[in-house]
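Where a number appears in this text, it was derived from the coordinates with a stated rule and is not lab data. This structure is a prediction, so every number in the text was calculated from the model and none was measured. Reconstructed Cβ throughout: ideal geometry from the backbone, glycine too, with neighbour counts over all protein chains shown.
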């Protein structure tokens, strides 16, 4: 989503609050909870899950392994839920021709560096760069090349842009900023 006028362009960036992340976090949570329940029921000798009698699973070694995988899955699931809760990666890109400043803001993980805020002068922008990798896992990323700073990504690596969409986005931004486009 973006908002644009003659002098200001604001591009909103979605973070980790995507439907796919909610789905994976829920699937991982429920699956690992099932593993922990099966491991616990094999240890106690009681059926917590009615579909699988605990007498068929020995605690040593199957119950221990299932409990270990369940606990590991719960840790990974809590990490995913944390990134969704804190909306890691969300933010905005603001290009202000009137002030001659580019601001890039992203939310990170809680702590001292939770807010990631970068400011550049527009005259330091050398080009807009498109990285295009074809193959089984095609990847198209839009970068902004800054003098003395290197390339700063403007799009996420997991966004599935078509070649036409990424070229259109790069052309509009390069025209707005009055800089050339490079393709890699």
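Three semi-axes describe the equivalent ellipsoid of region 1-78; taken as square roots of 5 times the Cα gyration tensor eigenvalues and ordered largest first, they are 46, 11, 6 Å. The relative contact order of the chain, computed from alpha carbon pairs under 8 Å that lie at least 6 residues apart in sequence, is 17 percent.
In plain terms, the chain from residue 126 to residue 172 could stretch by 15.0 nm, reckoned as 0.36 nm per residue minus the Cα-Cα distance.
Classify region 75-184 as rounded, prolate or oblate, taking a ≥ b ≥ c as the square roots of the eigenvalues of its Cα gyration tensor: rounded when a/c is under 1.5, otherwise prolate if a/b is larger than b/c and oblate if not. The shape class here is oblate.
The spacing between region 134-169 and region 63-132, judged by their C-alpha centroids, is 16 Å.
Ranked for footprinting exposure by Cβ neighbours inside 10 Å, fewest first, 139, 178, 129 give 178, 139, 129. Residues 144, 122, arranged from fewest to most other Cβ atoms within 10 angstrom of their Cβ, appear as 122, 144.
Roughly what angle does helix 163-177 make with the longest principal axis of the chain, taking Cα atoms, 0 to 90 degrees, to the nearest 10? Rounded to the nearest ten degrees, it is 40. Using every pair of distinct Cα positions in the chain, the Kirkwood expression returns a hydrodynamic radius of 19.7 angstrom.
Mean residue ellipticity at 222 nm, helices only, the chain: -12000 deg cm²/dmol; runs of at least 4 DSSP H residues each add -39,500 (n - 2.57), and the sum is divided by the number of residues.
Taking 0.36 nm per residue of separation and subtracting the Cα-Cα distance, full extension of the segment from residue 96 to residue 79 would add 2.5 nm. For the pair residue 119 and residue 158, a Förster radius of 22 Å applied to the C-beta separation gives a FRET efficiency near 0.25, rounded to the nearest 0.05.
Helix 19-44 axis versus longest C-alpha principal axis of the chain: approximately 20°, rounded to the nearest ten. The calculated FRET efficiency for the pair residue 184 and residue 27, based on their C-beta separation and a Förster distance of 30 Å, comes to about 0.25. Placing a pseudo-label 7 Å from each Cα along the Cα-to-Cβ vector at residue 112 and residue 149 gives an inter-label distance of 2.2 nm.
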